[in-house]
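Peer 1: Below are the structure tokens for one structure; questions will follow.
The values are calculated or read from the model by the stated rules, or taken from the named source; none is laboratory data. Only a predicted model underlies this, so the values are computations on that prediction, with no experimental measurement involved. A quick note on method: Cβ atoms are made from the backbone with ideal geometry, for glycine too, and the neighbour counts reach across all protein chains shown.
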Amino acid sequence: MKTTTSKEKVLKNIRNALINKSMSSYSVNDSETPIYNYSEEPLDIAFVQQFTNIGGKFVYCEDISDFALQFKELLKKNTNWVNIFCLDDNIREIFRKSNIPFSDEESDFMATNVGVTTCEFLIARLGSVMVSSKLDSGRRLIVFPDVHIVVAYSSQIVPDIKNALSGIKEKYGKYIPSTISMITGPSRTADIEKTLVLGAHGPKEIYVFLIDDSEY
């Protein structure tokens, strides 16, 4: 008597399934309805809650002048922030007018411990920051320094990833950035003896300075 192995049973079931294909009970695939229910909170509040829950540090700024003021206050509290690097034209202009020390020289990059960049979008549901290779900061400045400071505007907050990707497509058209990344809190890993280590593959701290441009 021939014995049927478990493998043969599995293969038989697969063959039967392929022969007797069942028709889907759904005539139309719905790709528009959100998978998750959106929070009833305003987008900025929802982002802050998620961002701080995953270890991010948030600073609200009423306008550009307030951003410069708050940045200076943070510098006073963090005396070890001595090598600030920034490549974004708008932020550099603010720093120059406000006498905030920074460098944009390639020769100073390796000594950098604070990187200041912009972003593409802030994703409220995840508390994540979306960046791309098309930003002035490029790819290095978001991963190399111990501290990453993101300067963003309230108009850049979107509900979810889908909205952010739609915004990228609208902004760049057919010239989509070669790299689109999401930063979700400080860099961390628990691969080494199950011990949480911050800054293993990137910045130990991440700040978001959110400038309110809702009235502009």
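Peer 1: Looking at segment 69-97, which of the residues that are of a type in the set (A, V, I, L, M) and under 16 Å from residue 118 (Cβ atoms) is surrounded by the fewest Cβ atoms within 10 Å (Cβ to Cβ)?
Peer 2: Residues of segment 69-97 that are of a type in the set (A, V, I, L, M), as a first pass: 69, 74-75, 82, 84, 87, 91, 94.
Pick out the ones that are also under 16 Å from residue 118 (Cβ atoms) and you get 84, 87, 91, 94.
On the way: 84: 22, 87: 21, 91: 23, 94: 19.
Only one residue tops the list, namely 94.
Peer 1: Do the conditions hold for residue 114, that is, is it surrounded by 19 or more Cβ atoms within 10 Å (Cβ to Cβ), in contact with a Pro (Cβ under 7 Å, 6 or more places away or on another chain), modelled with pLDDT of 95 or more and more than 17 Å from residue 43 (Cβ to Cβ)? Steps first, answer last, please.
Peer 2: On the way: surrounded by 19 or more Cβ atoms within 10 Å (Cβ to Cβ): yes; in contact with a Pro (Cβ under 7 Å, 6 or more places away or on another chain): yes; modelled with pLDDT of 95 or more: yes; more than 17 Å from residue 43 (Cβ to Cβ): yes.
When the stated conditions are applied, residue 114 passes them.
Peer 1: Here's a follow-up. With the checklist (1) within 18 Å of residue 205 (Cα to Cα); (2) in contact with a strand residue (DSSP E or B) (Cβ under 7 Å, 6 or more places away or on another chain) in hand, flag the one item residue 92 doesn't pass.
Peer 2: (1)
Peer 1: Scan segment 143-158 residue by residue and report those that are in contact with a Pro (Cβ under 8 Å, 6 or more places away or on another chain) and buried (at least 17 other Cβ atoms within 10 Å of the Cβ). Steps first, answer last, please.
Peer 2: Of the residues in segment 143-158, the ones in contact with a Pro (Cβ under 8 Å, 6 or more places away or on another chain) are 143, 145-148.
Correct list: 145, 146, 147, 148.
Peer 1: Tell me whether segment 165-184 contains one or more residues that are in a loop (DSSP other than H, G, I, E, B), at pLDDT below 95 and closer than 28 Å to residue 80 by Cβ.
Peer 2: Pass one, segment 165-184, residues in a loop (DSSP other than H, G, I, E, B): 173-179, 184.
From what's left, at pLDDT below 95: 173-179, 184.
Next cut, closer than 28 Å to residue 80 by Cβ only: 184.
Yes, some residue in segment 165-184 is in a loop (DSSP other than H, G, I, E, B), at pLDDT below 95 and closer than 28 Å to residue 80 by Cβ.
Peer 1: Here is a follow-up. Taking the stated definitions as given, is residue 137 surrounded by fewer than 20 Cβ atoms within 10 Å (Cβ to Cβ) and either part of a helix (DSSP H, G or I) or at pLDDT below 95 (or both)?
Peer 2: It is false that residue 137 is surrounded by fewer than 20 Cβ atoms within 10 Å (Cβ to Cβ) and either part of a helix (DSSP H, G or I) or at pLDDT below 95 (or both).
Peer 1: Among the numbered conditions (1) over 24 Å from residue 102 (Cα atoms); (2) β-branched (Val, Ile, Thr); (3) at pLDDT below 90; (4) surrounded by 17 or more Cβ atoms within 10 Å (Cβ to Cβ), tell me where residue 192 comes up short.
Peer 2: Condition (4) is where residue 192 drops out.
Peer 1: Something else now. What's the number of the only condition in (1) in contact with a strand residue (DSSP E or B) (Cβ under 9 Å, 6 or more places away or on another chain); (2) surrounded by fewer than 18 Cβ atoms within 10 Å (Cβ to Cβ) that residue 51 fails to meet?
Peer 2: The single condition residue 51 does not satisfy is (2).
Peer 1: Another question, if that's okay. Would a scan of segment 141-152 turn up a residue that is of a type outside the set (A, V, I, L, M, F, W, C) and closer than 17 Å to residue 43 by Cα?
Peer 2: The first filter runs over segment 141-152 and keeps only residues of a type outside the set (A, V, I, L, M, F, W, C), leaving 145-146, 148.
Going one step further and asking which of them are closer than 17 Å to residue 43 by Cα, we end up with none.
No, segment 141-152 contains no residue that is of a type outside the set (A, V, I, L, M, F, W, C) and closer than 17 Å to residue 43 by Cα.
Peer 1: Kindly check whether there is at least one residue in segment 97-115 that is part of a loop (DSSP other than H, G, I, E, B) and among the aromatic types (Phe, Trp, Tyr). Talk me through it step by step, then tell me what you get.
Peer 2: Start the filter on segment 97-115 by keeping residues that are part of a loop (DSSP other than H, G, I, E, B), which leaves 98-102, 104-105, 112-113.
Pick out the ones that are also among the aromatic types (Phe, Trp, Tyr) and you get 102.
For segment 97-115, residues part of a loop (DSSP other than H, G, I, E, B) and among the aromatic types (Phe, Trp, Tyr): present.
Peer 1: Would you mind listing the helices (runs of 4 or more DSSP H) fully within segment 1-87 where at least 2 residues are at pLDDT below 80? Explain how you work it out, then say what you get.
Peer 2: Details: elements: 6-19, 43-53, 64-77.
Qualifying helices (runs of 4 or more DSSP H): 6-19.
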